[in-house]
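Notes to accompany the following structure.
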Amino acid sequence: MTADEAEAVARAVADRLALEPGVRAVALGGSRASGGGEAVADALSDLDLYVYADPHPAVDARRALVADRAVPGTEEVDNRYFETGDEWLDRAGIGLDVMYRDPAWIADRIAAAMERAEPSLGWSTCLVYNVAHARPLADPDGWFATLRARARAPYPEALARAICAHNAPMLRGARCSFLEQLTLAGAREDAVASNHRAAAFLASWFDMLFAANRALHPGEKRLAAHVRVMGLEAPYGWEAALDGFLAASPAQRPGLAHGLADGIEALVEARLPGTLPPRRP
């Protein structure tokens with residue numbers, strides 16, 4: 001499917017949803033909206049539509065829309081596993097993932113990061129990135145354009161420092177750090193626990209990397225490609241170190257995690273001096 005064909009599908013769905021009561025805006029997000037070409041989007045990428053509405057469109061109306069467009073048997077309406085949403089394989093030949101959001105909630109999430117400098121463990125600015133890079137397909141009163149302008153404001157220095165200071169102790173240093181948990185999993189030869197903590201370790205590691213560059217976090221997919229496409233500064237040899245960490249056995253991972261932590265701490269110290277708290281011996 002060409003980009004123009006995918007755009008036509010997205011607009012057709014957005015136009016129909018925009019007619020529902022309470023809908024403030026419909027925006028195209030995800031890899032097909034964020035730029036970066038084939039490095040971040042490919043033939044497997046679906047269409048991510050975000051519907052900002054209060055109240056959400058009625059389930060019966062959404063079910064009727066999906067029934068008109070979906071390949072029979074592929075539809076899932078009113079999923080509640082993550083954000084409330086509908087998913088289907090469109091008869092035009094592309095997957096659709098339509099998510100419904102409360103306008104007041106997303107406005108508060110943008111304010112939490114960009115105005116209140118509130119960090120999280122991993123993914124601190126993913127929602128800000130999502131809004132900043134989404135393209136409005138329906139925005140009759142300009143509400144989404146205003147929200148997107150807030151998300152596109154200059155990256156707050158306080159936010160960059162808060163993210164790095166919050167995540168660094170959980171890489172290593174805190175008694176409950178991910179590295180400590182990786183060490184215990186390695187000693188027990190517990191591959192499931194090791195994989196679980198490795199994912200959490202990398203979530204915080206990448207959160208720090210994007211923050212140190214004053215760059216919004218693009219989400220969970222193709223992070224290495226995003227770092228390259230965005231031209232970010234990263235620790236020397238980070239890709240080889242990351243590959244080695246992912247391929248390592250549970251017993252090998254703690255030592256490799258120390259190397260990754262050394263690199264990201266040095267990067268943060270160089271770009272945001274004085275940000276990291278003292279590390280427990």
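Every read-out reported here was derived from the displayed coordinates using simple, explicitly stated rules and does not represent laboratory data. Since the structure is predicted, the reported quantities are computational estimates derived from the model, not experimental observations. Cβ sites come from the backbone with ideal geometry, for glycine too, and all protein chains shown count toward neighbours.
Between Ala61 and Glu115, the modelled label-to-label distance comes to 2.9 nm, taking each label 7 Å out from Cα in the direction of the beta carbon. Take every Cα pair under 8 Å whose residues are at least 6 apart in sequence, average their separation, divide by the length of the chain, and the relative contact order is 17 percent. Between Trp143 and Glu5, the simple spin-label model (points 7 angstrom out along Cα→Cβ) gives 3.5 nm. Stretched out straight at 0.36 nm per residue, the stretch from Leu246 to Leu19 would grow longer than its current Cα-Cα span by 77.1 nm.
State the extension gain, in nm to one decimal, for the chain segment bounded by Arg279 and Arg228, taking 0.36 nm per residue of separation less the distance between their alpha-carbons. Contour length minus Cα-Cα distance gives 15.4 nm. Are there chymotrypsin sites (Phe, Trp or Tyr not before Pro) in the range 198-281 that DSSP puts in a loop and that have at most 10 other Cβ atoms within 10 Å, and which ones? Taking the range 198-281 and a limit of 10 other Cβ atoms within 10 Å, the loop chymotrypsin sites (Phe, Trp or Tyr not before Pro) found are Tyr236. Dipole magnitude for the range 157-271: computed about the Cα centre from +1 point charges on Lys and Arg Cβ and -1 point charges on Asp and Glu Cβ, it is near 180 debye. What is the distance in Å between the Cα centres of the range 121-144 and the range 64-115? Taking the Cα centre of each part, the range 121-144 and the range 64-115 sit 14 Å apart. Quick one: grab the alpha carbon gyration tensor of the chain, order the square roots of its eigenvalues as a ≥ b ≥ c, and give me rounded if a/c is under 1.5, else prolate or oblate depending on whether a/b is larger than b/c. The shape class here is prolate. Each residue of the range 227-240 was assigned a 3J(HN,Hα) from its phi angle through the Karplus curve 6.51 cos²θ - 1.76 cosθ + 1.60 (θ = phi - 60°); the sequence is 4, 5, 4, 7, x, 7, 7, 9, x, 4, x, 5, 5, 5 Hz, with glycine and proline shown as x. At full extension, Asp102 and Ala193 could sit 29.3 nm farther apart than now, given 0.36 nm per residue minus the alpha carbon distance. Once Lys and Arg get +1 and Asp and Glu get -1 on their Cβ, which of Ala111, Pro72, Leu47 lies farthest toward the positive end of the dipole of the range 3-151? Highest projection toward the positive end goes to Ala111. Taking the Cα centre of the chain as reference, the dipole from Cβ charges on Lys and Arg (+1) and Asp and Glu (-1) amounts to some 940 debye.
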